[in-house]
Amino acid sequence: MNENIVVFSLTSTDGEIHSDLQRMDAHVIQPEEYEEIPEITEEDLTQAVIKRPGQPDQPFLARPTGAS
């Protein structure tokens with residue numbers, strides 16, 4: 001089975017899925033795949049970028065947290 005090719009098409013008008021769904025269904029989740037991800041910090045958000053197809057990247061402007 002070919003495990004190294006996954007294709008995503010933004011221009012697929014037929015709503016086709018280009019992933020190997022049989023391979024995905026056959027995957028057995030391992031305990032290490034449940035590892036917790038770290039919390040997102042204010043510093044992470046200052047480096048965030050919004051990416052939308054067909055548009056230039058835009059910096060994410062985080063709203064300050066706390067009392068208004």
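Couple of notes before you dig in:
- Taking every residue in region 28-47 that is more than 22 Å from Pro59 (Cβ to Cβ) and pairing it with any residue that is not aromatic (Phe, Trp, Tyr), at least 6 positions away or on another chain, yields no pair with a Cβ-Cβ distance below 9 Å.
- In the set (1) modelled with pLDDT under 85; (2) assigned to a loop (DSSP other than H, G, I, E, B), Glu33 fails one condition alone, (2).
- Check on Ile17, modelled with pLDDT under 85 and surrounded by 10 or more Cβ atoms within 10 Å (Cβ to Cβ): yes
The values are calculated or read from the model by the stated rules, or taken from the named source; none is laboratory data. The shown structure was predicted, so the numbers you read here are calculated from the model rather than taken from an experiment. Note that each Cβ is placed from the backbone with ideal geometry, even for glycine, and that neighbours are counted across all protein chains shown.
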